[in-house]
């Protein structure tokens, strides 16, 4: 993991608690937008971020010129939009379970959370959906080290994977998102570009909104399993 040394501290080992700020934090810009990207492991989060950045740059999304800034640390990739004097920086922070202890930093002050899963369900529909639900409920429970107040989009990656046998599972995932009032549900493909423009539009619309966001999702703290007590008569 690449880190930028501090002028005062010199070289800092990767295992240290010192975490340098992204380069964009040190630059003056009209707006800083932080997007946290989390979800199940191995579902294509990095490819999704790359596809979103490519869409913004290739299309000059919204008529605004964009450029990708040099990569920072902690899997942070940043996009600068606009011209000098009137710019916005969109910073994508990808969470990794390899550095799970840094999750509070990755989530801190985020404007939007993309929670990703795979639409091919990685060979196990029931197992994938069960882990997805468990992760989301744990994320918004009182046990999580930082309160989640930003909008959450459920993002199904690998929508280009076509298999009639899992069509019903995709419907179940969408119904689950609706049942807990997720702020958005998207199906995307980093390969074909399907759903990428719609997701980018939703991210920018909610992140650039001047209205204060009020969480509306319905997630509850995980309940502890009750122990079955039996009365044994001898």
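The values are calculated or read from the model by the stated rules, or taken from the named source; none is laboratory data. Quantities reported herein were computed from a predicted structural model and do not represent experimental measurements. With ideal geometry, Cβ positions are generated from the backbone for all residues, glycine too; neighbour counts draw on all protein chains shown.
Criterion first (modelled with pLDDT under 75 and under 27 Å from residue 50 (Cβ atoms)) does residue 234 satisfy it?
No.
Hey, could you check the stretch 128-142 for residues that are surrounded by 13 or more Cβ atoms within 10 Å (Cβ to Cβ), out of contact with any helix residue (DSSP H, G or I) (no Cβ under 9 Å at 6 or more places or on another chain) and more than 20 Å from residue 35 (Cβ to Cβ) and say which is modelled with the lowest pLDDT?
Taking the candidates together, the pick is 141.
Name the residues in the stretch 173-190 that are surrounded by 14 or more Cβ atoms within 10 Å (Cβ to Cβ) and more than 16 Å from the chain's Cα centre (by Cα), would you? Lay out the reasoning, then the answer.
Of the residues in the stretch 173-190, the ones surrounded by 14 or more Cβ atoms within 10 Å (Cβ to Cβ) are 173-174, 176-177, 180, 182-190.
Once the filter is applied, which keeps residues that are surrounded by 14 or more Cβ atoms within 10 Å (Cβ to Cβ) and more than 16 Å from the chain's Cα centre (by Cα), the stretch 173-190 yields 173, 174, 176, 180.
Can you pull out the residues in the stretch 86-100 that are modelled with pLDDT of 80 or more and either under 19 Å from residue 136 (Cα atoms) or assigned to a loop (DSSP other than H, G, I, E, B) (or both)?
Those that are modelled with pLDDT of 80 or more and either under 19 Å from residue 136 (Cα atoms) or assigned to a loop (DSSP other than H, G, I, E, B) (or both): 93, 94, 95.
Between a residue in the stretch 156-169 that is free of Cβ contacts under 8 Å to residues at least 12 places away in the same chain and any residue that is surrounded by 17 or more Cβ atoms within 10 Å (Cβ to Cβ) and outside any loop (DSSP other than H, G, I, E, B), which pairs come within a Cβ distance under 9 Å, given they are 6 or more apart or on different chains?
165/125; 168/125
Among the residues of the stretch 110-127, write down those that are buried (at least 20 other Cβ atoms within 10 Å of the Cβ) and part of a helix (DSSP H, G or I).
121
With the condition kept exactly as written, say whether any residue in the stretch 101-109 is assigned to a strand (DSSP E or B) and buried (at least 17 other Cβ atoms within 10 Å of the Cβ).
no
Out of everything in the stretch 63-85 that is part of a loop (DSSP other than H, G, I, E, B) and modelled with pLDDT of 75 or more, what residue ends up being surrounded by the most Cβ atoms within 10 Å (Cβ to Cβ)?
Pass one, the stretch 63-85, residues part of a loop (DSSP other than H, G, I, E, B): 64-65, 69-75, 84-85.
Those still in the list that are modelled with pLDDT of 75 or more too: 69, 75.
Working: 69: 17, 75: 20.
Filtering first and then ranking leaves 75.
Scan the stretch 181-214 residue by residue and report those that are out of contact with any strand residue (DSSP E or B) (no Cβ under 9 Å at 6 or more places or on another chain) and closer than 21 Å to residue 131 by Cα.
181
It is to be established whether one or more residues within the stretch 195-203 are within 16 Å of residue 118 (Cα to Cα), in contact with a helix residue (DSSP H, G or I) (Cβ under 8 Å, 6 or more places away or on another chain), modelled with pLDDT of 90 or more and assigned to a loop (DSSP other than H, G, I, E, B).
The answer is no; no qualifying residue exists.
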